[in-house]
Each structure stands twice: as structure tokens, then as C-alpha cells.
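The structure appears right after this line, and notes come after that.
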Amino acid sequence: MRRVCLNVLALSAAALLAVGCAKDHPKQPDAGVGADVNWTAPGGSADEAAYSRLTEIKAGNVDKLGLAWSLDLPEEVTLEATPLSVDGVIYFSGGYAKVYAVDAVTGKLRWKFDPETWKRSPDRFTFGANRGVAYEDGRVFVAEMDGRVDALDAKTGKVLWSADSIPAEYPYNNSTGAPRTMNGKVIIGNAGADFGGRGFVTAFDSKTGKFLWRFFTAPGSPEANKGDPAMEAAAKTWRGEWWKTGTGGTVWNGMTFDAEANRVYIGVGNAGPYDSEKRSPGGGDNLYTSSVVALDANTGKYVWHYQENPRDSWDYKATPNIVMATLKLADGPRKVLLHAPTNGFFYVLDRATGKPLSAGKTTVINWATDIDLKTGRPIENPNIRYEQGLTEIWPGTVGGHNWQAMSYSPQTGLVYIPIQQVGGSFARDLASDSDAAFNVMGLIIEPVIKKPGDGKGKLVAWDPVAQKEAWSVQHDHLWNGGTLATAGGLVFQGTADGLFHAYDAKTGKALWDYNAGLGIIAAPMSYSVNGKQYVSVLVGWGGTVAAMSKVMDVGWKYGAQPRRLLTFALDGKATLPPSPPRDMTVHALDDPKLVLKPADVAAGHGLSIMCAACHGAGFHSAGAPGPDLRESGATLDLATFTQVVREGRMERGMPSFQTLTDAQIRQLHAYIRARAREALGKTGPTTTGANAAAAAAQAPTKPKGPMTY
């Protein structure tokens, strides 16, 4: 770890109690004066710090916290959004950009907007993931999967305008993140980097929907770059014909608006294809992938960038939330950005210039030893880009910290980060027998559980000045929820095992928990109505658990547990009806009369990459976003299975696969049946690496949809 201008010995956490700047953390009314205290952005306010200044619920009384009300959401599966609360109404999005408006005191549904994106854009459909809505001046904004941005009347849900943010020439880009508002503008990015989609952000006039500007985060063709200084500069860091091969660098989550500087800071995603020699043969840093980029909010013009991973080769992304804060350093108060990307480091960046001031390791890291603060570049270990064959890297593709929001408390001076530890193996060799491996554009990737602590997560309280851990709480599983910090001295977090926790923000002592009945991945929020404080969280296990199902399966079954919005208050008396507990048994079905041909099983293994994002690698589902097909009666009969595959179930999130031949569907069916028999202990391994590799080479390599987190 390296530091500059940080007099750590002269500072302690206690000395940071009052350094939060009012411009970074807008003053909220005291909870006892009878006013509404709103939560107006995914991270609470423009600073994206996920910090509430409400104090009614505190360490001394949190044991009296109870369920005030709940709202069942039977049409939903994966829920990733942090709700907003504005003047007594809660607004949030479901997985397919449905928007709900709910009375913040009673939980009664006021209105619901269903964009029915699957009717408009079936070719872009994939499993549902949406991380929230934005609000400004009586309007609620949501981005649909196909990139359409809808402005809704906050009182009625009526559509005021719609605008397309993804041009037709970018078929692999999909929107999954929450928009942000910026003084009369609304900005949105998109996903799709895993299959080479070129990244960009788009800004519209928030009142009219008029297109204002677009900034690309990777260069286009030489002709398209001419006259654009930012793209001409970026193009110098690429090799080959990247505009044909793919670039990645999509902005699908973190965006933070700095009203004082009139800038927006965007977190740019991984490069794609992941294999740097495939997308940029012979070298190049590949700007602006894996970077934080500052743009002028009025024009979208480039201001500065800081690249956290030059020449990314491991699906590392700068997309986790970006927090504005003011830290008291040795040379006085400093306006900074706090960032914990997936690569495992924690960065403190100068907000004016993007220069890294310090960096520390929040989890196990073997791809680099440190960050050189003079150059800003990581000090990389040798042979980390699979030059010598299969290479194991920590953190793996889901990172140390992913999209689940961290929070920052100016009261304690600590950042509360949902950290996970898991490695990843990378190889260009397509021969793999593992059902946990997945093929992304010719690169075989597999999670690695080898080191002590692998396969588990932590809640880490991080001191950004000292760049070290203040305390941590060990969790049993990966893929836990985002965090909320409060002026009541608390930190809230939901976990994969279905518990919603409150901890002492200074010490990490566990103070309270609640069994939500299903894994939580979203971040909670807090608001008040008439002086009464509430805490709300969406409960909807899912996301990328399918792609790493063997590692992330904690026993939730598809459709068995209700998806809900839960809201808590002191002395809340509501209860939840019982729901099925976690169950790690695979209740596989089998037709013993069915004869499976080994060649069909092997070919089906290779084709199954198309299904993994929903049904799990090797058809081992973690309960979401799709069912475990080994347990499904619809996959027993080939004719029934063929009908479902050909027709799809678009309204439920399954696209149709009209291009698959009868032979390919038969092969997929054979592989599912073989995997079911394997789960029942009726057979051993069913494929060979060579056969699976041959089938994979014939499978589609660019499904129209992102590997969504």
C-alpha cells in the first residue's frame, strides 16, 4: 500500500467525525421536526454516498426495529434497485423496468408502469436486471433493457416522453442501470461489453426528452474519430481493427453528478472481448475501458480520466458506485472520489484532476503488487494475461466489489463495502470438461475456490485516509447486498442467506437482524414521513448467480420464495407469512426409458453457453433468474422442450431461439437429461473436453444480451 500527503499518524477515525462537506452531503431536516426527509437518488443524493442523516433509529434502539409493512411483487424475480422516496411516495423498478409507486407509510400500491419491452425489442431480451430509477421535478425516469428511456409523471405514472439511447448500430448493448439526473438533464449508459459492445453514455433534456449529447468510452473507426480529441487520443492506445473486433467499456452502473464543478463522473466497464490479444493485438492500454472518466455535464466533453486497469484482460470494471466526499488530509480538506472497483483495490482520487492520492487492497489480489502513485499505473505481476496457458487470478470476474453499492459515513469517516473473495481461471484453450466453466468469445473462464476465505463475502469498514480495514464481518456466502450508513451510527446490509442486518458503524458489532425469507442483493435506503424514520429494502435474489451457480448456489429455488419490498420502523408489528426455506437438494427428474447418445450430450454441453446466463453453468441453477432445468418437467419430453425453446416465454423473460436446428435442440435436451441423471447419481461425467470444444466452436458466440450483473 502506498500513500501520499496522508498524515495517518495524526488522524484517527474520531478526528474525521465532522469532515463531511455540506456540498458533498446536503443537509437534511432533523427527523423530529415533522418534515419528510427524501431519498432522491440511488445513492441517496447526488454524492452517491448511500448515507442517511436520520437519527431516530440508532444503536440504542435498533433492537426495537420491526416490519412496518411489506409489498409482494409476484411478477418479479431479480430485484437489484435501491428505491427512491420523495414526499411520502416510494418509487422503484423491477427486473424488466416495471416502475412501481407505493405509499411510503402504508405500502399501498399507487400505480405501476409496465413498458413491455419484450414486445418492442424481442431480439435484445435477456434475463431481467434493473438497478433503479431517477427523479427530478415531478418526473420519474427509467431505462428499459433496449435502451429506451421513459419519463413518467410521478403522480400518475403516465408516460411524458420516451427516447432511445441506443442506436440501432449497437445491437449488443442493453440498459440495466439506473439513470441519473443533472440539473435538467438525465443521463444513461448501457451494458454489453462482454460481447464486444462499444460503450457510451447519452444525455437528454429531462423535461422534453430532446437528445443533448453522447460520449463514447472507446474509439470507433479512424474515420469516425476524426475531429474528436478524446477519441483520437484513445485510438492511439488500441491496435488492429478494434472497431470490428469489439471494444467493450460500457457504463452500466456508477455515475455521479458534481453540481459544484458541473461534471459527471462515469465508471467505465471491462474491455471486450476479454482477451486483449484478440481485441487489440500487440499491445495498447485500450482507453477508456476500466476507467473513471470526468465529463462536462452541459456538453459531454472529456475533462479527465483515470484508468484503473490498463489493457484489462480479466473482466475488471470501474462500474461500482463512485462516492464524492471531502477528506481531511495532511495538507487540509481535499475533495475526492472514493472508488472500490472489481479489481480489489480501493482508490482515493483527486476530484479536480483524477490523480490517485492513495490506494489500498480490500481483498486477496495477485494480479498486481501495488499502485504506483507517480504514474497512476498498477505494478503488475508477470504472465497474468494467460501468456503461458491457464492462469488463476484473484479477484475473479465478479471482483472484490461489484455493483452492490458501498456507503460512506462522514460521521465515522469509514466506507462500508460489500466485499467478496473468489478467484478466476482464464485460458484460451477451449477444451474443458468442467460444468462450472463458461466460454465468452473464445476464452474459457471458471471460478476458483482455493485460498482460505474463497467463496465467501465480507462487510468491510474501510478507512479511506489510512487505507486499511477498520473492522469486518465475515459472511458465509458470496453475492451479498449493498450497504446503507446512517447518522444513527448504524450500517444496514442484506445477505445471500436471506437475513437483513444492522451493525454498529464504529465497531461492526451485530445489533439486529431480520429473516427476509430470500437472499438480498439490493442496497437498502432510509427516509422519513412526518418525522418518523423508515428503512426499506428490496428482496429478490438473482443477477449473475447463474453464471457462477456452483459457487453462488445457497439453496433458493426458482419461484419458491416471494419477491418483496420490506419496510421497517421502530415498533413495527407486521409479519410475513412463512415461505419455503433454503434447500440444497437437486430434485432432478428422469425418464429412464430415454436413451442418450454420448455425441449428443457432448454437443449439448458446448451449446449450453446460450442458456447459462439464466439457467446456470452446466444447467445448475442457483434459483434465479431461471429455473433449474434438471428439476423441470418441461424438459423431460423432447417435443415439449422443443416447443418452449422455439416459442420462448417472452413475458416471463425467456426469449425464443428460432435459429436453433432440430439437431441442436435435441443435443441441448440430451445434455439436460444427462445432467439430471448425474445429479441423481445414475451416471458419471458425460462429456469429453474435445467433444465439448468442438460443439462450442459451432455455438453462437455473440448472444444478443449482456452478461448482466
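We did not get these values from a lab; they are worked out from the coordinates using the rules stated. None of the values given here were measured: they were computed from a predicted structure. Backbone-built Cβ (ideal geometry, glycine too); neighbour counts: all protein chains shown.
Numerical summary
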{"quantity": "Sequence-distant aspartates and glutamates (8 or more away, or on other chains) whose Cα lies within less than 14 Å of LYS207", "calculated": "GLU136, ASP137, ASP150, ASP153"}
{"quantity": "Restraint check, LYS210/LYS236; LYS335/LYS374; LYS64/LYS112, Cα-Cα greater than 24 Å", "calculated": "LYS210/LYS236; LYS64/LYS112"}
{"quantity": "Enclosed volume per residue, in Å³, of the convex hull spanned by Cα atoms of the chain", "calculated": "140"}
{"quantity": "MRE, 222 nm, helices only [DSSP H, n ≥ 4, -39500 (n - 2.57), over the chain, to nearest 500]", "calculated": "-3000 deg cm²/dmol"}
{"quantity": "Sum of side-chain charges, VAL545 neighbourhood, beta-carbon under 14 Å (Lys, Arg +1; Asp, Glu -1)", "calculated": "-1"}
{"quantity": "Within region 475-593, percent of DSSP bridges classed antiparallel, to nearest 5", "calculated": "100"}
{"quantity": "Restraint check, LYS119/LYS317; LYS155/LYS185; LYS328/LYS456; LYS98/LYS573; LYS108/LYS532, Cα-Cα greater than 26 Å", "calculated": "LYS119/LYS317; LYS328/LYS456; LYS98/LYS573"}
{"quantity": "Proximal aspartates and glutamates to LYS509, defined as alpha-carbon separation beneath 16 angstrom and excluding residues fewer than eight positions away on the same chain", "calculated": "ASP63, GLU469"}
{"quantity": "Inter-part distance where region 375-428 and region 231-287 are each reduced to a Cα centre, Å", "calculated": "18"}
{"quantity": "Spatial separation of Cα centroids for region 574-617 and region 623-678, in angstrom", "calculated": "10"}
{"quantity": "In region 349-406, chymotrypsin sites (Phe, Trp or Tyr not before Pro) in a DSSP loop with at most 11 other beta-carbon atoms within 10 Å", "calculated": "none"}
